[in-house]
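Report on one structure; see the data block that follows.
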């Protein structure tokens, strides 16, 4: 972290290690992490977020939404085959993919804003890797027992008990993984249909491929890889340092209060009793007392663990807490040289200030979020459901007719996102003398060309516009094509040009 | 070269022994599974080398060849289009033009066929080129612009030696064969210009009118209105295949150039000829 002075005192205070006999190897085996069960406020919030995220993920494809006959009745559906994205009452065409871009940009800025305010809230609470790993750990704990039981099981003999528990754990993991892969597929094809197809073995190869891919990676990443995804694979921990500053709330060990560590009843020691509760509950297997670390996902389970120990000892909670590094430094400065005890605690806590949530960085993120939201909202409200696009012929640019007149050809496409299909009048706005012929079009009683529109589709017409001989013509004349409803209201318009010979 | 592996005092980690201008590199061990994943990708690559045609003269054990896969895809596409092509083969151009489904297929297919076989001379979109390649998007036709006439032209071509039914006609070489003097040719050219209202020398045009009545009306008509039966272009309009200046017109009278078009019957599927007919008709000049 470049912007923050991380407290390294804990590490520096340790006795210097003896010189290693052999050089450190270049490759290391994974140290398996056995997170211990924990109770507390943070854990409860984490369970709630987990339940919400999983419920959303698994339930959303099953929500039905009546769109009328012949149309999918799934509320959220990415219909790749018909190139439509259904989201409740909204129906997006492929050329409107910028709505997705906007949503992703919005998500990115929201992530930046949350990180600069509260640290790695996303990583610790809502990231799918964290949510599914948490769920898999819950299953593991349920079948194999808590930390000590699991360690004993792994170190013990490979007997029937060992294999029963291991096989059962992996079986449940695979079931969850299959449900995850299945739910993913449901966002792209009708949920009840594809569920039946998968279960009866009638689904397409494509469905099985994506089902197996997402199920397989869920099992691999949440069951086996776990914290290594965050430490070695994910780019986010690497650049989140750019979003954090000394005013961000991060999971921190208040070393000014805890050091020097010692037995609970010892004299002249800080509040940390070196019980390693914080280390044992950590899902990434680190010691938060070493200061800010890349591996820390900010889940705050160590906060709960430490608080319960402090509670038992009758000491104030919050030895490990969501705290800003600015406050940490202030407390540290205020308590410098003070002996451990109630006075030091009081002085340290008094030096703290409310975190500054409003600062240039967060204002800029908020501004960016506001701008992108407004642009997207505007784009959505002004989104046209009937478009006319005009493609002017490039070869030939223009044609000289036998009477000396000039003619241009256009291809006109009527993009109709609505379900209505009544014909419209095509009208040309151009200087006097310009004449339009629409190939294959009917005419209305007034002799104006009537063009069809296809419900939820595109219709194409070839249009020829000509200028009689003798008319003075600039090299390029702006013209506008309009679609008129029977009432005369302009339903859509598109401007183009009429090209003549160089003067 | 690793020289001296030492312990870093701040992090407690070993260095790798690499040193550049005083900068030392810490050794943070890579996870072993990461290394094994790398090895796995190498093994995977070797599998690909064996299974697929990876080196010259090695077809791979799978037998999959990109070229053959494309051939298969083309065959599949042709099979998909076969029912439509069969209908296009049976129908007349007029029937195709009247059926929206056939017509839209014919226009899409005709566009591709035109780019493949016709655009070389007639240009993209049928824009033509001066010097003998007629514009197909205008309203002027030498041999006729109805669906039937266009189909006839595509099938048998013009002035070729390969098709007995090819459209054919010959304009005499009035100057080169000594039928008219240079002065007479100038007069006729002036008269031809007058038909589209561009004569500058009324006396010469008057003299040319007499010669025109003797030599040219048989094909080009009394008032230069042309004759599609013999492919004699209309001279009274503003469309000029070989140029509209007096010099260009004189050159045509002296030693005329006449376009040649190959016959496409027998070379193209009758369905493709039908598609081309409908497509060319739609370009803007269809009658």
Positions within the stretch A:410-426 being crowded, with 20+ Cβ neighbours inside 10 Å and within 11 Å of chain B (Cβ to nearest Cβ), in sequence order
A:410
Matching residues in the stretch B:129-147 - criterion: being in contact with a helix residue (DSSP H, G or I) (Cβ under 6 Å, 6 or more places away or on another chain), over 20 Å from residue B:168 (Cβ atoms) and outside any loop (DSSP other than H, G, I, E, B):
B:147
Those helices (runs of 4 or more DSSP H) completely within the stretch A:96-161 that have 1 or more residues that are under 14 Å from the mean Cα position of the chain (by Cα) are A:98-118, A:128-144
Of (1) assigned to a loop (DSSP other than H, G, I, E, B); (2) within 14 Å of chain A (Cβ to nearest Cβ), residue B:54 satisfies all except one. Which?
(2)
For the stretch B:70-110, how many residues meet the condition of being surrounded by fewer than 17 Cβ atoms within 10 Å (Cβ to Cβ) and in contact with a helix residue (DSSP H, G or I) (Cβ under 6 Å, 6 or more places away or on another chain)?
3
Among the candidates A:187, A:208, single out the residue that is surrounded by fewer than 17 Cβ atoms within 10 Å (Cβ to Cβ) and either under 20 Å from the mean Cα position of the chain (by Cα) or not assigned by TED's automatic domain parsing to the domain that holds residue A:55 (or both).
A:187
Determine if the stretch B:184-193 includes at least one residue that is free of Cβ contacts under 8 Å to residues at least 24 places away in the same chain and either under 18 Å from residue B:268 (Cβ atoms) or assigned by TED's automatic domain parsing to the domain that holds residue B:244 (or both).
yes
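Pick out the one residue from A:356, A:289, A:315 that is buried (at least 16 other Cβ atoms within 10 Å of the Cβ), touching a residue at least 40 places away in the same chain (Cβ under 8 Å) and over 30 Å from residue A:224 (Cβ atoms). Show your work before the answer.
Numbers: A:356 fails: buried (at least 16 other Cβ atoms within 10 Å of the Cβ); A:289 fails: over 30 Å from residue A:224 (Cβ atoms).
None of the others qualify; the one that does is A:315.
Every residue in the stretch A:427-438 that is more than 48 Å from the chain's Cα centre (by Cα) and surrounded by 17 or more Cβ atoms within 10 Å (Cβ to Cβ), please. Steps first, answer last, please.
Initial filter on the stretch A:427-438 (more than 48 Å from the chain's Cα centre (by Cα)): A:430-437.
Residues satisfying the conditions are A:430, A:434, A:436.
Here's the yes/no breakdown for (1) outside the structural domain of residue A:436 (by TED's automatic domain parsing); (2) part of a strand (DSSP E or B); (3) in contact (Cβ under 8 Å) with a residue 12 or more places away in the chain:
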| site | (1), (2), (3) |
| --- | --- |
| A:371 | yes, no, no |
| A:376 | yes, no, yes |
| A:379 | yes, no, yes |
| A:391 | no, yes, yes |
| A:402 | no, no, no |
| A:408 | no, yes, yes |
| A:412 | no, yes, yes |
| A:415 | no, yes, yes |
Consider the stretch A:461-496. How many of its residues are in a strand (DSSP E or B), surrounded by 13 or more Cβ atoms within 10 Å (Cβ to Cβ) and more than 43 Å from the chain's Cα centre (by Cα)?
8
Pick out the one residue from B:120, B:131, B:110 that is within 14 Å of chain A (Cβ to nearest Cβ) and touching a residue at least 12 places away in the same chain (Cβ under 8 Å).
B:110
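From the list A:231, A:169, A:180, which residue is crowded, with 16+ Cβ neighbours inside 10 Å and at pLDDT 95 or above? Explain how you work it out, then say what you get.
Values: A:231 fails: at pLDDT 95 or above; A:180 fails: at pLDDT 95 or above.
The match here is A:169.
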Which of the residues that make up the stretch A:129-147 are in contact (Cβ under 8 Å) with a residue 60 or more places away in the chain and either over 22 Å from residue A:241 (Cβ atoms) or in the same structural domain as residue A:280 (by TED's automatic domain parsing) (or both)?
A:131, A:132, A:133, A:134, A:135, A:136, A:137, A:141, A:146, A:147
Out of B:25, B:19, I need the residue that is part of a strand (DSSP E or B) and within 14 Å of another protein chain (Cβ to nearest Cβ). Which one?
B:25
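Does residue A:195 satisfy the criteria of being in contact with a helix residue (DSSP H, G or I) (Cβ under 9 Å, 6 or more places away or on another chain), crowded, with 17+ Cβ neighbours inside 10 Å and in contact (Cβ under 8 Å) with a residue 24 or more places away in the chain?
Details: in contact with a helix residue (DSSP H, G or I) (Cβ under 9 Å, 6 or more places away or on another chain): yes; crowded, with 17+ Cβ neighbours inside 10 Å: yes; in contact (Cβ under 8 Å) with a residue 24 or more places away in the chain: no.
Criteria not met by residue A:195.
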Any idea which residue in the stretch A:417-431 is farthest from residue A:471 (Cα to Cα), counting only those that are at pLDDT 90 or above and in a loop (DSSP other than H, G, I, E, B)?
A:430
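Are there helices (runs of 4 or more DSSP H) fully within the stretch B:189-287 with at least 2 residues that are in contact with a strand residue (DSSP E or B) (Cβ under 7 Å, 6 or more places away or on another chain) and more than 14 Å from chain A (Cβ to nearest Cβ)? List them. Lay out the reasoning, then the answer.
Details: elements: B:202-215, B:217-220, B:246-254, B:270-282.
Here the list reads B:217-220.
For residue A:47, state whether it is surrounded by 11 or more Cβ atoms within 10 Å (Cβ to Cβ) and either under 24 Å from residue A:381 (Cα atoms) or within 14 Å of chain B (Cβ to nearest Cβ) (or both). Steps first, answer last, please.
Values: surrounded by 11 or more Cβ atoms within 10 Å (Cβ to Cβ): yes; either under 24 Å from residue A:381 (Cα atoms) or within 14 Å of chain B (Cβ to nearest Cβ) (or both): no.
When the stated conditions are applied, residue A:47 does not pass them.
Among the residues in the stretch A:333-341, are any outside any loop (DSSP other than H, G, I, E, B), modelled with pLDDT of 90 or more, away from chain B (no Cβ under 14 Å) and more than 37 Å from the chain's Cα centre (by Cα)? Talk me through it step by step, then tell me what you get.
In the first step, residues of the stretch A:333-341 are kept if they are outside any loop (DSSP other than H, G, I, E, B); the result is A:333-334.
Imposing the further condition that a residue be modelled with pLDDT of 90 or more reduces the set to A:333-334.
Adding the requirement that they be away from chain B (no Cβ under 14 Å) leaves A:333-334.
Keeping just the survivors that are more than 37 Å from the chain's Cα centre (by Cα) gives A:333-334.
Yes, the stretch A:333-341 contains at least one residue that is outside any loop (DSSP other than H, G, I, E, B), modelled with pLDDT of 90 or more, away from chain B (no Cβ under 14 Å) and more than 37 Å from the chain's Cα centre (by Cα).
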Take the residues of the stretch A:228-245 that are free of Cβ contacts under 8 Å to residues at least 12 places away in the same chain and within 14 Å of chain B (Cβ to nearest Cβ): which is nearest to residue A:108 (Cα to Cα)?
A:233
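Report yes if some residue within the stretch B:175-185 is within 20 Å of residue B:258 (Cβ to Cβ), modelled with pLDDT of 90 or more, more than 14 Å from every other protein chain (Cβ to nearest Cβ) and in contact with a strand residue (DSSP E or B) (Cβ under 9 Å, 6 or more places away or on another chain); otherwise report no.
As a first pass, look at the stretch B:175-185 and keep what is within 20 Å of residue B:258 (Cβ to Cβ): B:175-180, B:185.
Next cut, modelled with pLDDT of 90 or more only: B:175-180, B:185.
Now narrow it down to the ones that are more than 14 Å from every other protein chain (Cβ to nearest Cβ): B:175-180, B:185.
Then keep just the ones that are in contact with a strand residue (DSSP E or B) (Cβ under 9 Å, 6 or more places away or on another chain); that gives none.
The answer is no; no qualifying residue exists.
Do the conditions hold for residue A:448, that is, is it free of Cβ contacts under 8 Å to residues at least 12 places away in the same chain, away from chain B (no Cβ under 12 Å) and more than 30 Å from residue A:68 (Cα to Cα)? Talk me through it step by step, then tell me what you get.
Values: free of Cβ contacts under 8 Å to residues at least 12 places away in the same chain: no; away from chain B (no Cβ under 12 Å): yes; more than 30 Å from residue A:68 (Cα to Cα): yes.
Answer is no for this residue.
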Looking at (1) buried (at least 16 other Cβ atoms within 10 Å of the Cβ); (2) within 14 Å of chain B (Cβ to nearest Cβ); (3) at pLDDT below 90, which one does residue A:407 not meet, given that it meets all the others?
(3)
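If I ask for residues that are away from chain B (no Cβ under 14 Å) and under 19 Å from residue A:400 (Cα atoms), which ones from the stretch A:451-472 would you list?
Narrowing the stretch A:451-472 to residues away from chain B (no Cβ under 14 Å): A:453, A:455-456, A:472.
Of everything in the stretch A:451-472, just one residue is away from chain B (no Cβ under 14 Å) and under 19 Å from residue A:400 (Cα atoms), namely A:472.
The values are calculated or read from the model by the stated rules, or taken from the named source; none is laboratory data. Only a predicted model underlies this, so the values are computations on that prediction, with no experimental measurement involved. Using ideal geometry, Cβ is built from the backbone for each residue, glycine included, and neighbour counts are taken over all protein chains shown.
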